[in-house]
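Working notes, beginning with the structure itself.
The values are calculated or read from the model by the stated rules, or taken from the named source; none is laboratory data. Every value quoted in this text rests on a predicted model; they were computed, and no experiment measured them. Quick reminder, even Gly has a Cβ in these numbers, built from the backbone with ideal geometry, and neighbours come from all protein chains shown. Calculation scope for accessible area: heavy atoms of the full protein, side chains included, ligands and nucleic acids excluded. Shrake-Rupley method; radii C 1.70, N 1.55, O 1.52, S 1.80 Å.
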Amino acid sequence: MWGYPEPIERLMEQFMRLPGIGPKTAARLAFHCMSMSKETIEEFSKALLDIKERLVECQICCNITEFSPCPVCRDERRDRSVLCVVQDAKDVVAMERTHEFHGLYHVLQGAISPMDGIGPNDLRIRELLTRLAGTDDSVEEVILATNPTVEGEATAMYLSKLLRPFELKVTRIARGLPVGGDLEYADEVTLAKALEGRRSL
């Protein structure tokens, strides 16, 4: 039985490593790449390499950035008394789109998920505790803005227990966000309302 040429098969296999990409979509993308110019393909491959070679983790907030500390941590105009804890770098972008939050961030780089083999030690929780226990004594409130999923809720509850000894105001974003949704897909109004309605844990 005739199949795709080997280079197309290999490219399809690479596309299928991406979330939500099945065989049919992978084939469509691979054939689209064949119609692209060599220069465009080179730009595409360079962009892929750049995200591994040029991006680093911020030494303060663990966000993904080109330079460490990241622009948010360097910005002296930010409110340093409020720290918003989010799961991923894309959640920082979602929060910034609301224009409602002016504090600092801490990025966990994921959520506790035993089914996926992700425990507390796999996240940037130690860095958060070190940050709060260290010289950064200006923080008065920590907002737990993990996603409203089972994993996000479990992570928020775990963090709320760890943060009790710090005698900080610990809040959780309100239920303006749909359960099972991700911050990156929420609109600005919904996120703004969720921030306004945060509650103590």
Please report, in whole Å, how far the alpha carbons of segment 36-147 spread along each principal axis, starting with the longest. 54, 39, 26
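For the chain, what is the percent of antiparallel DSSP beta bridges, rounded to the nearest 5?
On the way: 5 of 18 bridges.
So the antiparallel bridges amount to about 30 percent of the total.
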Could you tell me which helices of the chain pass both thresholds, a Cα extent of 18 Å or more along their own axis and a mean Kyte-Doolittle hydropathy of at least -1.0, with helices taken as whole DSSP H runs? 23-35, 38-53, 150-163
Here P(r) for the chain, Cα-Cα distances in 10 Å bins, as whole percents, is 8, 29, 29, 19, 11, 4, 0
Cβ crowding within 10 Å averaged over residues, with 158-165, 38-45 ranked highest first: 158-165, 38-45
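How large is the helix-only mean residue ellipticity at 222 nm for the chain, computed as the sum of -39500 (n - 2.57) over DSSP H runs with n ≥ 4, divided by its residue count, in deg cm²/dmol to the nearest 500?
-12500 deg cm²/dmol, from helical runs alone.
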Enumerate the amide H contacts of Thr149 below 5 Å, restricted to partners 5 or more residues apart or on another chain; note that Pro and chain-start residues carry no placed amide H. Gly180
P(r), alpha carbons of segment 57-101 - 5 Å bins starting at zero, rounded %: 5, 22, 30, 33, 10, 0
The lysines whose Cα lies under 26 Å from the Cα of Lys161, excluding any fewer than 8 residues away in the same chain, are Lys90, Lys169, Lys193
Given the protein chains as shown and a 1.4 Å probe, how many square angstrom of Ile118 are accessible, to the nearest 10? 60
Percentage of interatomic Cα-Cα distances in segment 80-133 larger than 12 Å: 67
Segment 1-83: translational diffusion in µm²/s, Stokes-Einstein, Kirkwood Rh over Cα pairs, 4 °C, 1.567 mPa s: 81
Sort Asp75, Asp187 by heavy-atom solvent-accessible area, probe 1.4 angstrom, most to least. Asp187, Asp75
Give the distance, in whole Å, between the Cα centre of segment 119-163 and the Cα centre of segment 1-75. 30
Relative contact order in percent for segment 68-201 (Cα pairs under 8 Å, 6+ apart) equals 26
